[in-house]
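Asks: Take this structure first; my questions come after.
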Amino acid sequence: MDVGVIGVGMMGRNHARVYSELKAVDSLYLYDLNGEAARDLAGAFGATVSPNAEDLLRSVDAVSVCVPTPYHFSVATRVLDAGVPLLIEKPICATAEETRRLIGKIPDGLVVGVGHIERFNPIVPEIKKIVRDPLYIEMKRHNPASSRVSGSSVVEDLMIHDVDIMRNVLLPDGNYHLAGSGNQDVCSALFSFGETPVYLSASRKSSKKIRMIYIEEEEFTVEGDFMAQEIYI
């Protein structure tokens with residue numbers, strides 16, 4: 001199949017690199033407002049630079065949307081209008097309102113994915129098998145400062161992965177109370193699911209990269225490292 005990447009920043013480079021390594025991909029097309037950046041990346045991965053997004057969408061069977069978050073809605077809408085299956089980087093949109101509007105635009109049968117890649121980390125399904133009745137859950141996702149982030153808070157950039165795992169894997173059902181505090185680069189959030197507290201922390205001011213999960217049960221404790229892909233009980 002022929003695929004495209006719209007937006008060739010840090011995440012767009014990752015998508016282009018992976019597509020260039022997939023045997024199922026025949027041709028790779030790139031588009032970015034920064035034509036020089038697109039040409040440089042195309043040279044590195046043997047891709048073709050499209051003069052505009054519409055030309056790219058006419059050439060591909062699927063596309064990755066890797067533009068800054070504030071532009072997700074407008075660019076993804078153009079892709080949907082063209083009827084092209086897409087993978088959109090997280091967060092799907094800048095606001096909940098935009099997200100609901102975008103989802104409403106998805107035609108029946110068109111495949112749309114969102115880049116919540118951490119849900120597919122091998123330790124996540126293993127932890128789901130182990131956890132029975134958690135007394136307490138804690139997840140930390142800390143990064144050193146990065147110039148790649150533009151237009152997203154630390155919640156949308158980092159904590160969103162742990163919110164996704166919490167709500168879609170560990171505690172998919174039930175109401176919760178939420179207390180949170182922070183700023184654009186550091187945030188903590190305490191969710192209460194009945195008697196089970198879940199504490200999440202995210203930072204872009206850390207001296208080192210941390211990706212961990214800690215779960216306390218009555219009979220055992222689970223510690224997981226998302227980067228090493230290891231679980232300790």
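The values are calculated or read from the model by the stated rules, or taken from the named source; none is laboratory data. Model, not experiment: these values are computed from the prediction. Reconstructed Cβ throughout: ideal geometry from the backbone, glycine too, with neighbour counts over all protein chains shown.
Asks: Given the criteria assigned to a strand (DSSP E or B), loosely packed, with under 14 Cβ neighbours inside 10 Å and not hydrophobic (A, V, I, L, M, F, W, C), does GLY174 qualify?
Replies: Judged against the criteria, GLY174 is not a match.
Asks: Checking the structure you have, find out if any residue of segment 80-98 is closer than 28 Å to ASP162 by Cα, in a loop (DSSP other than H, G, I, E, B) and of a type in the set (Ser, Thr, Tyr).
Replies: Yes, the conditions are met somewhere in segment 80-98.
Asks: Just one of the numbered conditions (1) touching a residue at least 24 places away in the same chain (Cβ under 8 Å); (2) at negative phi is not true of MET227; which one?
Replies: (1)
Asks: Scan segment 18-32 for residues that are part of a helix (DSSP H, G or I), surrounded by 15 or more Cβ atoms within 10 Å (Cβ to Cβ) and free of Cβ contacts under 8 Å to residues at least 40 places away in the same chain and jot them down.
Replies: Within segment 18-32, SER20 is the sole residue that qualifies.
Asks: Here is a list of conditions, (1) farther than 20 Å from VAL111 by Cβ; (2) part of a loop (DSSP other than H, G, I, E, B), and ALA42 meets all of them except one; can you say which number that is?
Replies: (2)
Asks: Going by the conditions given, is VAL186 surrounded by 15 or more Cβ atoms within 10 Å (Cβ to Cβ), closer than 12 Å to ARG141 by Cα, in the same structural domain as LYS140 (by TED's automatic domain parsing) and not hydroxyl-bearing (Ser, Thr, Tyr)?
Replies: Against the criterion (surrounded by 15 or more Cβ atoms within 10 Å (Cβ to Cβ), closer than 12 Å to ARG141 by Cα, in the same structural domain as LYS140 (by TED's automatic domain parsing) and not hydroxyl-bearing (Ser, Thr, Tyr)), VAL186 qualifies.
Asks: Can you name every residue in segment 7-17 that is buried (at least 24 other Cβ atoms within 10 Å of the Cβ) and either outside the structural domain of VAL63 (by TED's automatic domain parsing) or of a type outside the set (A, V, I, L, M, F, W, C) (or both)?
Replies: Of everything in segment 7-17, those that are buried (at least 24 other Cβ atoms within 10 Å of the Cβ) and either outside the structural domain of VAL63 (by TED's automatic domain parsing) or of a type outside the set (A, V, I, L, M, F, W, C) (or both) turn out to be GLY7, HIS15.
Asks: Please specify each residue of segment 11-43 satisfying the condition of being in contact with a Ser or Thr (Cβ under 9 Å, 6 or more places away or on another chain), aliphatic (A, V, I, L, M) and more than 16 Å from LEU87 (Cα to Cα).
Replies: Result: ALA38, ALA42.
Asks: Moving on to the next point. Any residue in segment 125-149 that is hydroxyl-bearing (Ser, Thr, Tyr) sitting within a Cβ distance under 6 Å of a residue that is surrounded by fewer than 16 Cβ atoms within 10 Å (Cβ to Cβ) and modelled with pLDDT of 90 or more? List the pairs, counting only those 6 or more apart or interchain.
Replies: Within 6 Å, the pairs are TYR136/GLU216.
Asks: Failed condition for VAL163, given (1) under 28 Å from VAL67 (Cα atoms); (2) within 20 Å of the chain's Cα centre (by Cα); (3) outside any helix (DSSP H, G or I); (4) not acidic (Asp, Glu), with all others met?
Replies: Here VAL163 clears every test but (3).
Asks: OK, next. Is it the case that segment 148-157 has a residue that's of a type outside the set (Phe, Trp, Tyr), surrounded by fewer than 19 Cβ atoms within 10 Å (Cβ to Cβ) and not assigned by TED's automatic domain parsing to the domain that holds LYS208?
Replies: Scanning segment 148-157, I find no residue that is of a type outside the set (Phe, Trp, Tyr), surrounded by fewer than 19 Cβ atoms within 10 Å (Cβ to Cβ) and not assigned by TED's automatic domain parsing to the domain that holds LYS208, so the answer is no.
Asks: Quick test of your reading of the structure: ALA44 fulfils all but one of (1) surrounded by 18 or more Cβ atoms within 10 Å (Cβ to Cβ); (2) farther than 23 Å from GLU156 by Cα; (3) of a type in the set (A, V, I, L, M). Name the failing condition by number.
Replies: (1)
Asks: May I pose another question? Applying the selection to segment 60-92, what residues are small (Gly, Ala, Ser), surrounded by fewer than 16 Cβ atoms within 10 Å (Cβ to Cβ) and closer than 18 Å to ALA24 by Cα?
Replies: None; the set is empty.
Asks: Looking at (1) at pLDDT below 95; (2) more than 25 Å from PRO70 (Cα to Cα), which is the only condition MET10 fails?
Replies: (2)
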